[in-house]
Amino acid sequence: MKVSSKTVPTFFFHGWGSSWHVEDTMAQAIKRAGATNTIVKVNVNKKGHARLIGKIKKNAKNPLVEVNFSDNKLTNSQYNGQYANAYDSTGARYVKNAIDLVRNKYHYSKINIVAHSMGNLEVASYIKLNAGKKDFPQIDHLVAMAGHYDGIIGIRGWGVWGGGISLNAAANDPRIKATAAITMYDMPRVGAWGYFDKGTADERYQNKKQIAEQRTKIRYWQIC
């Protein structure tokens with residue numbers, strides 16, 4: 001079934017250890033504002049198979065696609081305990097499979113993407129590995145929340161002051177349509193109790209230990 005070319009779907013990709021539930025608050029707010037009349041879900045299982053939950057009708061207005069990764073920590077594709085190494089393989093494949101499922105069914109040529117935290121790295125890997133291919137969709141808008149990027153192309157900053165430098169420069173850069181400074185978590189509490197206050201004291205300690213080890217090994221890269 002073909003839908004109106006004026007309708008552009010928006011895909012939401014969650015962060016590490018999360019799910020489509022964190023996307024739903026934003027999606028429902030967008031629906032209440034009248035910007036969309038359709039919300040569907042895509043679940044990608046640990047083998048990478050994507051399944052559409054819901055239906056996009058012909059009169060759909062800017063449908064929202066809440067994507068859920070069953071392997072939300074890329075556990076199945078970690079290398080020596082470093083989940084970051086799996087972005088270019090498993091993470092990018094999960095993103096591609098979710099987008100391709102919807103596009104192949106409804107024939108969209110343009111899409112929007114909203115990603116949070118680790119979802120940004122998976123989306124960035126998807127773009128890096130597929131942008132030159134014939135069937136790659138046109139991405140109208142890309143919203144990166146808590147993205148793991150080394151600033152903005154041509155704009156450098158660091159630490160607390162760097163954030164202000166980047167935001168001030170972005171305000172005068174015509175390439176950038178909007179900027180926002182957002183935090184979704186009480187990070188001291190997350191450090192003490194874990195996300196959503198879950199896990200035992202030993203599990204939280206092991207998680208901190210793993211993150212500390214990764215900090216000494218991970219290489220940060222930037223898409224140009």
- Can you run the Rg to Rh ratio on segment 26-118? Use alpha carbon positions and the Kirkwood inverse-distance Rh. 1.02
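Given a cut-off of 27 Å, name the pairs among LYS128/LYS209; LYS31/LYS55; LYS31/LYS57; LYS96/LYS208 whose C-alpha atoms lie farther apart than that in the structure shown. Mind showing how you got there, number by number?
Values: LYS128/LYS209 30 Å; LYS31/LYS55 16 Å; LYS31/LYS57 15 Å; LYS96/LYS208 30 Å.
In this structure, LYS128/LYS209; LYS96/LYS208 lie more than 27 Å apart at Cα.
Could you tell me what percent of the accessible area of segment 1-141 is made up of carbon and sulfur, with a 1.4 Å probe and every protein chain present?
Details: 3240 of 6710 Å².
Carbon and sulfur together cover 48 percent of it.
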- Query: Could you give the accessible area per residue of segment 15-57, probe 1.4 Å, as a whole number in Å²?
  - Reply: 57 Å²
- Dimensionless Rg/Rh of segment 1-76, both radii on Cα and Rh by Kirkwood, sits at 1.01
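Could the peptides 33-43, 66-76 be put in order, highest first, of the mean number of other beta-carbon atoms found within 10 Å of their residues?
Numbers: 33-43: 15.8, 66-76: 19.9.
Result, highest mean first: 66-76, 33-43.
The values are calculated or read from the model by the stated rules, or taken from the named source; none is laboratory data. Since this is a predicted model, take the numbers as computed values, not measurements. For neighbour counting, all protein chains shown are included, and Cβ atoms are generated from backbone atoms with ideal geometry for every residue, glycine included. The accessibility values were calculated without ligands, DNA or RNA, using every heavy atom of the protein model including side chains. Shrake-Rupley method; radii C 1.70, N 1.55, O 1.52, S 1.80 Å.
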